[in-house]
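The values are calculated or read from the model by the stated rules, or taken from the named source; none is laboratory data. These numbers come from a predicted model, not from an experiment. In this analysis, Cβ positions are derived from the backbone assuming ideal geometry, glycine residues included, and neighbour counts consider all displayed protein chains. These accessible areas exclude ligands, DNA and RNA; they are computed on the full protein's heavy atoms, side chains included. Shrake-Rupley method; radii C 1.70, N 1.55, O 1.52, S 1.80 Å.
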Amino acid sequence: MKILVIHGPNLNLLGKREPDIYGTFTLDDINGRITALARELGADVSFFQSNHEGELVQKIQDAMGVYQAIVINPGAYTHTSVALRDALSSTGIPAVETHISNVYKREEFRRHSYIAGVAAGQITGFGADSYLLALRAAVGIIKSGAEKKR
Ligand code: DQA
């Protein structure tokens, strides 16, 4: 069970970035917690962070045939990027969209996601735990897919 975890722009600044909104944990802290849970769930996780839209698109394309699911926090590209949406829908790899903050409680422009319409689902507002919930969802999707093929 191979799962790719993608962190979009500015998430490399977690820990320093607007701690009142995003908390004081770092990206390494989150990745460590994901790795620990993945081990428990029997999943093999890889991580990728980029501040560049094209690099994120490329990584999603390169995930085809390698990963069975993607957990993605697209950061601000959630609200702007048709290219990321198209990359996800083109590969057909099931994706779980996740956000640290509750995007629906914040500015109006954060309420629209280009990603949600092509994602298997969205988890938003549970801090670092959003990623862990998203990982559980991704594992569930892979397992139910495997179940259907039997
Ligand atoms: C975010 C929410 C986005 O609106 C914002 O641009 C981010 C982080 C979150 O995890 O809460 O960069 O995706």
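Summing Lys and Arg as +1 and Asp and Glu as -1 over all other residues whose Cβ lies under 11 Å from the Cβ of Tyr67 gives a net charge of 0.
Shown here are the Rg and Dmax of the Cα trace of the chain, at 14.4, 47 Å. How far is helix 82-91 tilted off the main Cα axis of the chain, in degrees rounded to 10, range 0 to 90? Taking the Cα atoms of the chain, the angle to 82-91 is about 10 degrees. Surface composition of segment 45-95: carbon plus sulfur atoms hold 48% of the accessible area, using a 1.4 angstrom probe and ignoring ligands, DNA and RNA. Cα axis of helix 27-41 to longest principal axis of the chain: angle in degrees, 0 to 90, nearest 10? Between the helix axis and the principal axis of the chain, the angle is about 30 degrees. In the context of the full set of protein chains, residues of the chain present 50 Å² of accessible surface per residue (probe radius 1.4 Å, heavy atoms only).
Computed from label points 7 Å out along Cα-Cβ, the spacing between Glu147 and Asn102 is 3.0 nm. Modelled this way, with points 7 Å down the Cα-to-C-beta line, the labels at Met1 and Ser46 are 1.9 nm from one another. Once the chain from Val82 to Glu18 is taken as fully extended at 0.36 nm per residue, the excess over their C-alpha distance is 20.4 nm. Principal-axis analysis of the Cα atoms of the chain puts helix 129-149 at an angle of about 20° to the longest axis. Computed with a 1.4 Å probe over protein heavy atoms only, the accessible area of Ser144 comes to about 60 Å². Relative contact order of the chain, taken over Cα pairs closer than 8 Å and 6 or more residues apart, is 27 percent.
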